[in-house]
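Only one structure is covered here, and it is reproduced in the block below.
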Amino acid sequence: MTFSPLDATIKSYLTELLVKIENHLDSDVLSYTGPIINGYENILLKIIEQMAQDAGKRKRLLIILTSPGGSATTVERYVNIIRHHYPEEINFLVPDYAFSAGTIWCMSGDNIDMDYYSVLGPIDPQVQNKDGNLVAALGYLDKVNEMLKKAANKTLTNAEFLILKDIDLAELRGYEQAKELTITLLKKWLVQYKFKNWTVHRTDVVKKGKPVTDDEKKEAAKIVADKLSETSTWCSHGRPINMKTLQDEIRLEIEDFGKDAVLSPLVRDYHGHLTEYLSKNPALIFSHTRLFI
């Protein structure tokens, strides 16, 4: 395999931009672009350990994430790896989109940075079916429940009956478990990380200025998890949810990196050049740190 001087130049420039982001935020940076799939954990482990062993390691980590989603169980392993080496603070920055398992991963952060262009998605985990294809678990479960209701009301068509009859119950249970795991992880991580510095009520007129209890944090996390998993609300596995919707309707605190006059152009420049590079050099998953590309 040969590499052109242009490829080397772009890689060098991407690293230069990444280092500028690190210096501006006083944070190590991991850039991750691609799906979240089983089998990549060992590679991520090596990348994170390499940074952790570097003499210039910082206390916090920023993950610049662009992902169509993937496996919730893989997200859990990612979080375990990264939190082991960066226990104090991990933040996420989404320059474009982070759907499904990507959204779940963001919820494990202490802070989430977006701008008006960035989007997250419903927390609908993708599960591998018996044919080896990834399917949206919540959408699948909703359709099965719809057919079961029709069966109870005696309005099920013959075609739907044949579909329902051929459903693998073990596979169906796997989808249910994926849904349960997703919601459990989201509630756990929001309370443990995202809400850890939420100590006083700021917006509630009645409770404003009063301490936030652990039970209130758990209830707030449950509300976020329930809203993000409502397929009837979002209608699509890949429905984009922008920063304003997350703030106003889901009541999730999001930092707007677009307001940072230094960070915003650096992120846009980095993401733009990375997107152009990947269009010419396709990779299933692209990970980048100042030490690895």
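The values are calculated or read from the model by the stated rules, or taken from the named source; none is laboratory data. Bear in mind the structure is a predicted one, so any value in this text is a computation, not a measurement. Positions of Cβ are backbone-derived with ideal geometry, glycine not excepted, and every protein chain shown enters the neighbour counts.
Report, by residue number, each residue of the range 26-44 that is of a type in the set (A, V, I, L, M, F, W, C) and either touching a Lys or Arg at 6+ places or on another chain (Cβ under 8 Å) or surrounded by fewer than 17 Cβ atoms within 10 Å (Cβ to Cβ) (or both). Please lay out each step first, then the result.
To start, the set of residues in the range 26-44 that are of a type in the set (A, V, I, L, M, F, W, C) comprises 29-30, 36-37, 43-44.
Scanning the range 26-44 gives VAL29, ILE43.
When restricted to residues that are modelled with pLDDT of 90 or more and farther than 23 Å from PRO35 by Cβ, the range 226-242 contains 1. Of the set (1) in a helix (DSSP H, G or I); (2) within 22 Å of ILE36 (Cβ to Cβ); (3) under 17 Å from the mean Cα position of the chain (by Cα), all apply to TYR277 but (3). Scanning the range 45-64 for residues that are of a type in the set (A, V, I, L, M, F, W, C), out of contact with any Ser or Thr (no Cβ under 7 Å at 6 or more places or on another chain) and under 21 Å from ASN111 (Cα atoms) yields ILE48, ALA52, ILE63. With a requirement of 3 or more residues that are over 29 Å from THR184 (Cα atoms), the helices (runs of 4 or more DSSP H) lying completely within the range 1-85 that satisfy it span 5-25.
Would a scan of the range 67-77 turn up a residue that is modelled with pLDDT of 95 or more and either of a type in the set (Phe, Trp, Tyr) or exposed (fewer than 13 other Cβ atoms within 10 Å of the Cβ) (or both)? The answer is no, given that none of the residues of the range 67-77 is modelled with pLDDT of 95 or more and either of a type in the set (Phe, Trp, Tyr) or exposed (fewer than 13 other Cβ atoms within 10 Å of the Cβ) (or both).
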